[in-house]
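Heads up: the structure comes next, in structure tokens.
The values are calculated or read from the model by the stated rules, or taken from the named source; none is laboratory data. Predicted model only: the values in this text are computed from it and were never measured. Every residue, glycine as well, gets a Cβ built from its backbone with ideal geometry; the counts of neighbours run over all protein chains shown.
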């Protein structure tokens with residue numbers, strides 16, 4: 001972790017510079033008016049294959065979206081480090097991380113100049129690193145009355161989809177919804193009223209048990225690697241002490257239920273979607289990410305989470321469509337990133353055997369040479385595949401930095417678990433159609449970022465971290481996510497076209513009849529829009 005923090009400190013200064021109601025179908029040839037409400041639901045760490053793996057058991061909101069929506073089965077984040085911050089910044093901006101300036105979680109929304117309000121505990125947060133505009137800016141460019149409510153279990157999940165635009169933005173901190181001084185000085189009455197209900201405490205003593213009978217789950221419940229060997233069996237016992245309630249709930253399906261419930265309260269309190277203008281509701285659900293990091297994407301816990309998420313989204317959509325005319329609502333489902341299988345599970349069928357790769361192993365030979373010259377080994381660092389050099393320190397030691405980089409590339413490529421080590425200048429010059437890994441790295445980093453080399457692991461290998469499972473590679477399992485549009489402007493069906501998540505924002509802009517305020521990387525997915 002110290003290496004990651006040093007890496008972030010070096011990057012930061014440069015980045016500052018640089019089923020009930022279904023929407024009725026319109027008559028053929030009828031003019032489709034812009035919706036009064038766009039609802040974007042982003043499920044943190046939801047792999048696209050969850051929809052096919054568990055879809056036969058869906059009965060709620062996911063079932064409705066799959067049945068009645070425009071389902072893009074091959075949608076991908078097209079950048080190399082798929083994390084929460086970068087993913088959320090990309091979705092409603094239509095631009096890659098190289099353009100938004102949000103390239104890593106650690107360089108996301110932390111901002112001591114924007115403290116939390118109303119006595120909430122946690123780091124200050126704002127979109128001060130975000131560059132450019134997002135969908136809400138485009139909507140307000142067409143109609144300044146456009147309103148937005150954005151809610152999440154995480155600060156970055158609530159903040160970054162709106163870019164630098166201000167709106168009603170709230171996230172959970174120690175079990176209470178809060179925001180920062182970037183958005184307002186005091187919490188509105190409706191938020192305080194919701195917090196007074198102390199929702200996490202209501203789950204005290206309520207264990208997480210399986211939704212369906214044991215026979216409905218194909219996954220074994222005895223994989224000791226899950227949970228790092230702790231609490232990996234159902235049922236998962238809830239704490240009896242209120243001090244631990246919020247932390248437990250955030251790692252169970254109930255965390256999403258609270259966020260969805262809060263979003264509905266906000267829709268009513270703020271009059272979101274009542275027109276005449278178009279409004280935006282952004283909901284980022286964080287529980288899948290928490291469960292995925294602890295138990296992995298192939299766990300029984302993830303299976304049950306998807307079933308419960310389906311039911312929770314069903315209740316949410318039923319309630320929303322009672323509050324707002326479904327003919328005037330568009331709903332989008334997507335995710336900020338996928339997830340890699342546990343290497344220990346992949347070892348059963350993948351060769352070479354997948355492993356967890358320690359960054360210090362990649363740097364071992366070069367650092368040994370630095371020690372021999374009396375140079376501080378922290379002059380060369382590696383975090384999440386990014387190689388950073390302290391060039392002044394190396395030059396003061398009279399080292400040939402280019403030769404050192406060449407030696408590092410050679411030793412990195414010999415390290416077990418490493419697929420390739422590339423210079424950024426070569427990746428930016430590569431043919432993007434023939435080399436998707438090069439393309440995703442080029443989309444990740446702004447020009448001028450002090451990263452001269454990147455290291456990519458072999459498929460199904462992951463970097464060592466505190467998490468059992470992770471998502472930090474340019475491979476498809478980390479980048480393949482759901483993308484579903486539901487509403488009158490969209491033609492239901494399955495679309496097998498290869499699309500990117502940067503296409504989401506321009507597609508919504510098209511149905512809202514607004515224009516991006518700057519060039520975007522995405523395109524309009526016209527094949528799913530009714531003429």
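Check 166, 184 and return the single one that is within 22 Å of the chain's Cα centre (by Cα), closer than 25 Å to residue 126 by Cβ and assigned to a loop (DSSP other than H, G, I, E, B). Quick ask: steps written out before the conclusion?
Values: 184 fails: within 22 Å of the chain's Cα centre (by Cα).
None of the others qualify; the one that does is 166.
Select from the stretch 502-525 the residues that are under 15 Å from residue 491 (Cα atoms) and buried (at least 21 other Cβ atoms within 10 Å of the Cβ) and list them in ascending order. Result: 507, 508, 511, 525.
Being in the same structural domain as residue 336 (by TED's automatic domain parsing), farther than 22 Å from residue 521 by Cβ, modelled with pLDDT under 95 and assigned to a loop (DSSP other than H, G, I, E, B) is a property that residue 145 lacks. When 94, 60 are checked against the criterion of being over 20 Å from residue 37 (Cα atoms) and out of contact with any strand residue (DSSP E or B) (no Cβ under 9 Å at 6 or more places or on another chain), a single residue qualifies: 60. If you go through the stretch 489-501 and pick out every residue that is in a loop (DSSP other than H, G, I, E, B) and surrounded by 21 or more Cβ atoms within 10 Å (Cβ to Cβ), you end up with 1.
Sub-9 Å Cβ pairs linking a first residue in the stretch 60-73 that is not assigned by TED's automatic domain parsing to the domain that holds residue 327 to a second residue that is in a helix (DSSP H, G or I), at least 6 apart or interchain, number zero. Inclusion of residue 278 among residues that are in the same structural domain as residue 122 (by TED's automatic domain parsing) and either surrounded by 14 or more Cβ atoms within 10 Å (Cβ to Cβ) or within 27 Å of the chain's Cα centre (by Cα) (or both) is warranted. Taking the conditions (1) under 25 Å from residue 287 (Cβ atoms); (2) surrounded by fewer than 20 Cβ atoms within 10 Å (Cβ to Cβ) in turn, residue 143 satisfies each one other than (1).
Which residues, taken from the stretch 460-488, are in a loop (DSSP other than H, G, I, E, B) and farther than 27 Å from residue 419 by Cα? Walk me through how you get there before you give the answer.
Let us first name the residues in the stretch 460-488 that are in a loop (DSSP other than H, G, I, E, B), namely 460-461, 464-475, 487-488.
Correct list: 487, 488.
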